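Inspection log for the structure reproduced underneath, given as structure tokens.
Where a number appears in this text, it was derived from the coordinates with a stated rule and is not lab data. Model, not experiment: these values are computed from the prediction. Note: ideal-geometry Cβ built from the backbone for every residue, glycine included; neighbour counts use all protein chains shown.
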């Protein structure tokens, strides 16, 4: 693999952290997988779905209209 970054001690430490992480991947626990999934970026649709699920779990009415209608 070609070298990249500077040759600082910090870069070497980061490289070894990455090696350790990759070696640990086959042994991930379910809790670790759940924690990692929470860190993944989410689309607006996924965020909306999560919010709707949260409202439902709290017992809030999910049938409320989300758009406002103005009458003149």
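Structure data summary
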quantity: Nearest-0.05 FRET efficiency for residue 14 and residue 42, computed from C-beta distance (R0 25 Å); calculated: 0.40
quantity: FRET efficiency, residue 24 to residue 54 (Cβ-Cβ, R0 35 Å, nearest 0.05); calculated: 0.65
